[in-house]
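Chemist: After the structure tokens below, expect a handful of questions from me.
The values are calculated or read from the model by the stated rules, or taken from the named source; none is laboratory data. All figures in this text were calculated on a predicted structure; none of them were measured in a lab. Reconstructed Cβ throughout: ideal geometry from the backbone, glycine too, with neighbour counts over all protein chains shown.
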Amino acid sequence: MKKIIFLLLSALFFCSCNTGEIITNQNPVVGTSGVYLLSEGSMAPGSAKLSYYNLTNDSLYQNIFRPGNFGLFPDGMIFYGADIYVTEQGNYNSPGRLYKLDTSGNVLNSVLVGINPYSLCVSNGKLYITNGPAGNVSVLNASTLGFIKNISAGVYPQEIIALNGRVFVCNTSIYGGNQDSTISVIDALKDSVIKVIALGKDPFSIAVSKDNNIIAGCLGADGKLYEIDPAAFVILDTLSNQWGFGKDISVDMQTNDIYFISNSNHIVKSNFASRTSVIAVNNSEPAGSFFYGYLFDSVNRRHYIADARNFSVSGLLKIYDINSALINSFSTGIAPRRLMLR
């Protein structure tokens, strides 16, 4: 939904960048560390793709998986055990698909699921998948992909995360329609909502901090970060910054710094303890660049940014060191969105 809105409102400018080596075969050498990159593609069926960046040889392996001839807008991706799970939204207000892959991108299983399934997490051996238009969360057996039930949530649930047997669901308002400002908490044993936490409007991203608290960010120029006690379900702290909040919270597990894409299209670093916020990676090409996905690597001290540019040409995977120096840049599929560490 947000992608389509951006296409309608944005001018069609894009940057020219030097790109690194791109490898198109099906052997991503995933025995080493790296990053998976999921590109949504365009409205053309089959244009989405999963790629793999190999940190050891500094190369991007494209097309290790495509969601099929009718694949539209894959957006969710997680590891569970030795497998990768990917959600594909499909046509608006219609069922989507869940794929179970091995680490090389081979399909082990797939099923139809939900209504435009977006993000997912695992708890108690079960997959929890958000269905925005349906206002619910689908629960599936993670091993067999068998359907268990749907759980009602708030308005347009999107991002989701699991911690200590609870599942936390960001309820994000419908563009131009009903609004929400809550997180639904699901008990993974009972598979029912046990608490609703009120935040600011449009909680749009969620993560777990170094000290095992929930961190959530609310969309907009006046967006805030919230620190939440995951057991007592109370807000411990809030933090604002001058650049606002956009999406994709990523926590530095060494320092507990909170990184995210700001509303002004930069990467911002905030810290609750020091009450500070600074630009970590400046987007120097605002007319031809759109930071659509982000991940911080706490071990290798790197920023990974999925730049969708104008959503109609190939995007970019941009890799920066901890001092914000560009290490490399790779051409990707259209609308690169989700990043996941291996």
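Chemist: Show the residue pairs meeting these rules: Cβ distance below 8 Å; 6+ apart or different chains; first residue within the range 206-218 and farther than 12 Å from residue 166 by Cβ; second residue basic (Lys, Arg).
Modeler: Within 8 Å, the pairs are 217/224; 217/247; 218/201; 218/224.
Chemist: Hey, another quick one. Among the candidates 206, 194, 249, single out the residue that is under 24 Å from residue 299 (Cβ atoms) and in contact with an Asp or Glu (Cβ under 6 Å, 6 or more places away or on another chain).
Modeler: 206
Chemist: When you go through (1) surrounded by fewer than 21 Cβ atoms within 10 Å (Cβ to Cβ); (2) at pLDDT 95 or above one by one for residue 84, which number turns out not to apply?
Modeler: Failing condition for residue 84: (1).
Chemist: Now a separate question. In the range 123-157, how many residues are surrounded by fewer than 20 Cβ atoms within 10 Å (Cβ to Cβ) and either touching a Cys at 6+ places or on another chain (Cβ under 6 Å) or not assigned by TED's automatic domain parsing to the domain that holds residue 204 (or both)?
Modeler: Summing the residues that are surrounded by fewer than 20 Cβ atoms within 10 Å (Cβ to Cβ) and either touching a Cys at 6+ places or on another chain (Cβ under 6 Å) or not assigned by TED's automatic domain parsing to the domain that holds residue 204 (or both) in the range 123-157 gives 0.
Chemist: Is it true that some residue in the range 22-35 is under 17 Å from residue 96 (Cα atoms), buried (at least 17 other Cβ atoms within 10 Å of the Cβ), in contact with a Ser or Thr (Cβ under 9 Å, 6 or more places away or on another chain) and modelled with pLDDT of 55 or more?
Modeler: Looking through the range 22-35, none of the residues is under 17 Å from residue 96 (Cα atoms), buried (at least 17 other Cβ atoms within 10 Å of the Cβ), in contact with a Ser or Thr (Cβ under 9 Å, 6 or more places away or on another chain) and modelled with pLDDT of 55 or more.
Chemist: Of everything in the range 43-53 that's of a type outside the set (Lys, Arg) and either assigned by TED's automatic domain parsing to the domain that holds residue 91 or buried (at least 20 other Cβ atoms within 10 Å of the Cβ) (or both), which residue is farthest from residue 88 (Cα to Cα)?
Modeler: Per the stated criteria, the residue is 53.
Chemist: Among (1) part of a loop (DSSP other than H, G, I, E, B); (2) crowded, with 19+ Cβ neighbours inside 10 Å, which single condition is residue 286 missing?
Modeler: The failed condition is (2).
Matching residues to (1) over 25 Å from residue 160 (Cβ atoms); (2) aromatic (Phe, Trp, Tyr); (3) at pLDDT below 95; (4) assigned to a strand (DSSP E or B):
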residue	(1), (2), (3), (4)
225	no, no, no, yes
253	no, no, no, no
274	yes, no, no, no
294	no, yes, no, yes
303	no, no, no, yes
317	no, no, no, yes
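Chemist: Continuing with this model, one more query. Looking only at the range 319-342, how many residues end up being over 21 Å from residue 85 (Cβ atoms), assigned to a loop (DSSP other than H, G, I, E, B) and either in contact with a strand residue (DSSP E or B) (Cβ under 6 Å, 6 or more places away or on another chain) or among the aromatic types (Phe, Trp, Tyr) (or both)?
Modeler: Summing the residues that are over 21 Å from residue 85 (Cβ atoms), assigned to a loop (DSSP other than H, G, I, E, B) and either in contact with a strand residue (DSSP E or B) (Cβ under 6 Å, 6 or more places away or on another chain) or among the aromatic types (Phe, Trp, Tyr) (or both) in the range 319-342 gives 1.
Chemist: Working only within the range 305-315, note down all residues that are aliphatic (A, V, I, L, M) and in a loop (DSSP other than H, G, I, E, B).
Modeler: 308, 313
Chemist: A further question on this structure: Within the range 207-238, count every residue that is buried (at least 18 other Cβ atoms within 10 Å of the Cβ), among the hydrophobic types (A, V, I, L, M, F, W, C) and touching a Ser or Thr at 6+ places or on another chain (Cβ under 9 Å).
Modeler: 6
Chemist: Has the range 166-181 got any residue that is under 21 Å from the mean Cα position of the chain (by Cα) and acidic (Asp, Glu)?
Modeler: Yes, some residue in the range 166-181 is under 21 Å from the mean Cα position of the chain (by Cα) and acidic (Asp, Glu).
Chemist: State the number of residues belonging to the range 294-339 that are surrounded by 19 or more Cβ atoms within 10 Å (Cβ to Cβ) and either hydrophobic (A, V, I, L, M, F, W, C) or touching a Pro at 6+ places or on another chain (Cβ under 6 Å) (or both).
Modeler: 14
Chemist: Hey, another quick one. Does residue 245 satisfy being outside the structural domain of residue 317 (by TED's automatic domain parsing), under 22 Å from the mean Cα position of the chain (by Cα) and either under 25 Å from residue 34 (Cα atoms) or touching a residue at least 12 places away in the same chain (Cβ under 8 Å) (or both)?
Modeler: Criteria met by residue 245.
Chemist: Could you check residue 191 against (1) of a type in the set (Asp, Glu); (2) touching a Gly at 6+ places or on another chain (Cβ under 7 Å); (3) surrounded by fewer than 22 Cβ atoms within 10 Å (Cβ to Cβ) and say which number it fails?
Modeler: (2)
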